[in-house]
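Heads up, the thing below is written out as structure tokens.
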Amino acid sequence: MGLVALSDCIRGALSYEAIRYPPILIYYANVIGIPVFMKFEVITIFPDIFSGFLSESLISKAIAKRLISVRTHYLRKWTTDRHRTVDGKAYGGGPGLVMKVEPILKAVNALRNTKPKSLKSKIRVILFSPRGKQMDQVMVKRWAKYNQLVFICGRYEGVDERVADYIADEVVSVGPYVLNGGEVAAMAAIEAVARLVPGFMHDAGSQTKEDHPQYTKPEVFTLGKKKLRVPKILLSGDHAKIKDWRDKHRR
Ligand code: SAM
């Protein structure tokens, strides 16, 4: 059995939401050299945008523990001309420049071929676009079942449509607004998927959406003349009633 297949079995045996992953399991998975659970590959012309994101908080810890890897790939590496051109004027006219299809195809092909053929990797290629399907938790859970996610970050006036039609498996928007580039979208996607990787969260229960209101100390917070109190039910210690209250206020 290949190492990737073995890691798949372990992932399959553990339901993402129900079980706290024993650190010992994660430890042995790393010791015996099981590849990281999830590889993120980001194709971008601005790889430095990711440096702070990758070196802080839970993402950096997950990288250190080899639960995930995040590699940024500088798109200009896959150009052949002297100016390392990744964009061109739009056919039919219009303002701004459009990202070319060739370097993106070369980058994606190179990433698809990074594994020896014997190790089957489940790979998904995602293009970010404001015109894509809106990212949600269902989509994120589906992505978490792959071993390798390739994110293509557009810039300028967008990406030659042939990338969406023939190279990417999915075209995804992070929301109904327009960003300058796909890098922020990629970071949002990395965080959302990484939270579902076994061992990423200390408390496996936190992987699910805690989408009800939450409070912490102080019990009474004074704002001007107002006293802002934590709802009494949450202080009652009655777990059944607390659960009902949370279910009722779930968004
Ligand atoms: N009119 C262009 C289009 O429809 O693609 C807008 C291009 S936008 C200025 C440049 C890049 O930012 C896009 O190619 C895409 O990769 C990224 N982007 C912008 N808004 C996004 C969103 N809401 N979700 C995902 N990616 C987005």
Original post:
Can you find even one residue in segment 204-214 that is away from the ligand (no atom under 16 Å from the Cβ), surrounded by 15 or more Cβ atoms within 10 Å (Cβ to Cβ), of a type in the set (A, V, I, L, M) and touching a residue at least 12 places away in the same chain (Cβ under 8 Å)?
Top reply: yes
**OP:** May I ask you to list the residues in segment 152-192 that are part of a helix (DSSP H, G or I) and either buried (at least 18 other Cβ atoms within 10 Å of the Cβ) or of a type in the set (S, T, N, Q) (or both)?
**Re:** 163, 164, 167, 183, 185, 186, 187, 189, 190, 192
**OP:** Quickly run through segment 84-102 and pick out the residues that are surrounded by fewer than 14 Cβ atoms within 10 Å (Cβ to Cβ) and basic (Lys, Arg).
**Re:** 89
**OP:** Hey, could you check segment 232-251 for residues that are within 20 Å of residue 218 (Cβ to Cβ) and of a type in the set (Gly, Ala, Ser) and say which is surrounded by the fewest Cβ atoms within 10 Å (Cβ to Cβ)?
**Re:** 237
Subject >> Members of segment 64-83 found to be of a type in the set (Lys, Arg), over 17 Å from residue 108 (Cα atoms) and either modelled with pLDDT of 95 or more or exposed (fewer than 15 other Cβ atoms within 10 Å of the Cβ) (or both), listed by number >> reply: 82
Subject >> Which numbered condition residue 47 fails, given (1) touching a strand residue (DSSP E or B) at 6+ places or on another chain (Cβ under 9 Å); (2) within 19 Å of residue 202 (Cβ to Cβ); (3) at pLDDT 90 or above >> reply: (2)
Original post:
Does residue 145 count as more than 14 Å from residue 41 (Cα to Cα), charged (D, E, K, R) and under 13 Å from the mean Cα position of the chain (by Cα)?
Top reply: yes
Original post:
What is the number of the single condition among (1) modelled with pLDDT of 95 or more; (2) in a helix (DSSP H, G or I); (3) of a type in the set (A, V, I, L, M) that residue 29 does not meet?
Top reply: (1)
Subject >> Verdict on residue 105 being in a helix (DSSP H, G or I), in contact with a His (Cβ under 8 Å, 6 or more places away or on another chain) and surrounded by 15 or more Cβ atoms within 10 Å (Cβ to Cβ) >> reply: no
Original post:
With respect to the numbered conditions (1) modelled with pLDDT under 95; (2) more than 14 Å from the ligand (Cβ to nearest atom), which one is the sole condition not fulfilled by residue 96?
Top reply: (2)
Subject >> Residues (of a type in the set (Ser, Thr, Tyr) and touching a Phe, Trp or Tyr at 6+ places or on another chain (Cβ under 8 Å)) located in segment 64-111 >> reply: 69, 72
Subject >> Residues that are assigned to a loop (DSSP other than H, G, I, E, B), among the aliphatic types (A, V, I, L, M) and within 13 Å of the ligand (Cβ to nearest atom), drawn from segment 119-151 >> reply: 135
Original post:
If you go through segment 171-201 one residue at a time, how many are near the ligand (Cβ under 6 Å from one of its atoms) and either out of contact with any Leu (no Cβ under 9 Å at 6 or more places or on another chain) or not assigned by TED's automatic domain parsing to the domain that holds residue 67 (or both)?
Top reply: 8
Original post:
Do the conditions hold for residue 61, that is, is it under 21 Å from the mean Cα position of the chain (by Cα) and at pLDDT below 90?
Top reply: no
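The values are calculated or read from the model by the stated rules, or taken from the named source; none is laboratory data. Fair warning: this is a prediction, and the values are worked out from it, not measured in the lab. A quick note on method: Cβ atoms are made from the backbone with ideal geometry, for glycine too, and the neighbour counts reach across all protein chains shown.
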